[in-house]
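For reference, the structure discussed in these notes is given below.
The values are calculated or read from the model by the stated rules, or taken from the named source; none is laboratory data. Note that the coordinates shown come from a computational prediction; the quantities given were computed from them, not determined experimentally. All Cβ positions, even for glycine, are placed from backbone atoms using ideal geometry, and neighbour counts span all protein chains on display. For the accessible areas, the whole protein counts, side chains as well, though only heavy atoms, and no ligand, DNA or RNA atoms are used. Shrake-Rupley method; radii C 1.70, N 1.55, O 1.52, S 1.80 Å.
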Amino acid sequence: MRSLIIFALAMVLGAVCFADTHIPAGDVFGIWEASGSPYYIDGEIHVPTDSMLRIESGCSIIFTGHYKFCVDSNAVLKAIGTEMDSIVFTVVDIDTIRHHGIRFYYTTVACTVAYSIIEFGKATWLGSEHDDDGGGILCMFSNPAIIHNRICHNVAGHEGSGIHCYCSSPFIIGNSICNNYEDGIWGAVAYGGGICCAYSSNATIINNIFQGNKAHMGSAIEVFWDSNCLIVNNTFLGNFATGWPSYGGAIASNDGNPCNIVILNNIFRNDSATVLHCEEIYIANADTAFVAYCNIDSLKCSSDSLGKIIFGPGNINSDPLFSDSLFHLSMFSPCINAGAESIYVSIWDTTIYAPVTDLDGNPRPLGDGWDIGAYEYDPDHPVMAYQIFAGWNLLSIP
């Protein structure tokens, strides 16, 4: 009898811990608790004006169709997981369904998406402005904190397959942004496989990994139309500008009013484009990029007759000697102590500072100086050997 009671209690507790909750189209606010997970999204949902939705760690948000997750004007979304218990935004069937992204419209600065997985989104034109931008996340006149997420396998018809910023200046810090791509419905005009910063979007992009993203221009990051971005201590690997001609396997700028881009302490490796000397960085149309203390091949960078790339001090071109599939540095890496704590950019009379922590949360510096790339080498846990594999999948990151 006692064993039957225990079994019945276990069944009740299991039902509490693993309830299915269906969310119909309409407004959502309050708290989504882990006990109600998974949450099945059965229509377009909105966090309405002046309201807040908080999603607890451990929740799975599963879209049953091509629906938007909208955060409306002056509303707040706080989707904050933990390192060991993330929040997942995905779809019920990856072979047939994609959701339409998390979409911030004129939201407050309190919005945060952290320690979450945003995957299998698709931005498709449905008749409204920027429907086909921002496959994973769209920021319109919004400055959310996008921190320590995996933003992977998202698609856009036009701009920003992973993240699209329109008149927005989010903090994009410590993310794995990988395998996002354009679906080609605009032919040759497809920008920013990982991130697109457009129309006065001054994003801060720090300590991220960009791998396997694809677009016609700026496969990892595209910057255009009066946008000024800080790109500091990131690692770019195997991003591919597709189509003919294609430019900026890692970073590109194009179109409109002048943009200024500071690129400090970054690793660029094995990115590609169909146009020679544009495999890593391409700068166009009166835009300027200042590149310092990066591991980069300058022969794979170019600009048009109006654009300008200024190579400042400290740049190297060497095999970074990664230690593992997460792209940590081995003890032999030339990127160790080769970065800079800060750089003064005279043409803009400004000083840019490196972050005080790395992607793992370790303090910078751990050695005699700042390292190049998303990770600081940890001398207390040295790695002697290294291996480089093609096609590493960053979805393996815990």
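Checked against (1) surrounded by 17 or more Cβ atoms within 10 Å (Cβ to Cβ); (2) in contact with a helix residue (DSSP H, G or I) (Cβ under 7 Å, 6 or more places away or on another chain), residue 325 passes all but condition (1). Annotation: residue 327 fulfils all but one of (1) at negative phi; (2) touching a Ser or Thr at 6+ places or on another chain (Cβ under 8 Å); (3) among the aromatic types (Phe, Trp, Tyr); the unmet one is (1).
The residues of region 128-158 that are open to solvent by less than 10 Å² (accessible area, probe 1.4 Å) and among the acidic types (Asp, Glu), listed by number, are 131, 132, 133. Residues that are assigned to a loop (DSSP other than H, G, I, E, B) and open to solvent by 50 Å² or more (accessible area, probe 1.4 Å) within region 362-371 comprise 366, 368, listed in sequence order. Mind counting the residues in region 80-137 that are out of contact with any Ser or Thr (no Cβ under 9 Å at 6 or more places or on another chain) and among the aromatic types (Phe, Trp, Tyr)? Residues flagged as out of contact with any Ser or Thr (no Cβ under 9 Å at 6 or more places or on another chain) and among the aromatic types (Phe, Trp, Tyr) within region 80-137 amount to 1. Can you confirm whether region 242-250 contains a residue that is under 23 Å from residue 351 (Cβ atoms) and in a loop (DSSP other than H, G, I, E, B)? Within region 242-250 (the criterion being under 23 Å from residue 351 (Cβ atoms) and in a loop (DSSP other than H, G, I, E, B)), the answer is no, since none of the residues qualifies.
A count restricted to region 338-352 and to residues that are free of Cβ contacts under 8 Å to residues at least 60 places away in the same chain and either open to solvent by 70 Å² or more (accessible area, probe 1.4 Å) or closer than 20 Å to residue 208 by Cβ (or both) stands at 7.
Looking across 246, 227, one residue alone is crowded, with 21+ Cβ neighbours inside 10 Å, within 14 Å of residue 190 (Cβ to Cβ) and small (Gly, Ala, Ser). It is 246.
Scanning for something among the hydroxyl-bearing types (Ser, Thr, Tyr), closer than 19 Å to residue 171 by Cβ, under 20 Å from the mean Cα position of the chain (by Cα) and part of a loop (DSSP other than H, G, I, E, B), does region 110-118 turn up at least one residue? Yes, because at least one residue in region 110-118 is among the hydroxyl-bearing types (Ser, Thr, Tyr), closer than 19 Å to residue 171 by Cβ, under 20 Å from the mean Cα position of the chain (by Cα) and part of a loop (DSSP other than H, G, I, E, B).
The residues listed here are 333, 318; of these, the one that is open to solvent by less than 30 Å² (accessible area, probe 1.4 Å), over 19 Å from residue 160 (Cβ atoms) and assigned to a loop (DSSP other than H, G, I, E, B) is 333. Pairs are defined by a Cβ separation below 9 Å, a sequence spacing of at least 6 or placement on different chains, a first member in region 300-324 that is closer than 20 Å to residue 338 by Cβ and of a type in the set (S, T, N, Q), and a second member that is loosely packed, with under 14 Cβ neighbours inside 10 Å and modelled with pLDDT under 95; the pairs so defined are 323/382; 323/384; 323/385; 323/387.
Within the option set 275, 291, being touching a strand residue (DSSP E or B) at 6+ places or on another chain (Cβ under 8 Å), open to solvent by less than 50 Å² (accessible area, probe 1.4 Å) and at pLDDT below 95 holds for one residue only, 275. Comparison of 112, 107, 124, 82 shows that the only residue that is surrounded by fewer than 20 Cβ atoms within 10 Å (Cβ to Cβ) and over 26 Å from residue 361 (Cα atoms) is 124.
For (1) over 23 Å from the mean Cα position of the chain (by Cα); (2) of a type outside the set (Gly, Ala, Ser); (3) outside any loop (DSSP other than H, G, I, E, B); (4) closer than 23 Å to residue 143 by Cβ, each residue gets a yes or a no:
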position	(1), (2), (3), (4)
49	yes, yes, no, yes
83	no, yes, no, no
90	no, yes, yes, no
94	no, yes, no, no
97	no, yes, no, no
108	no, yes, no, yes
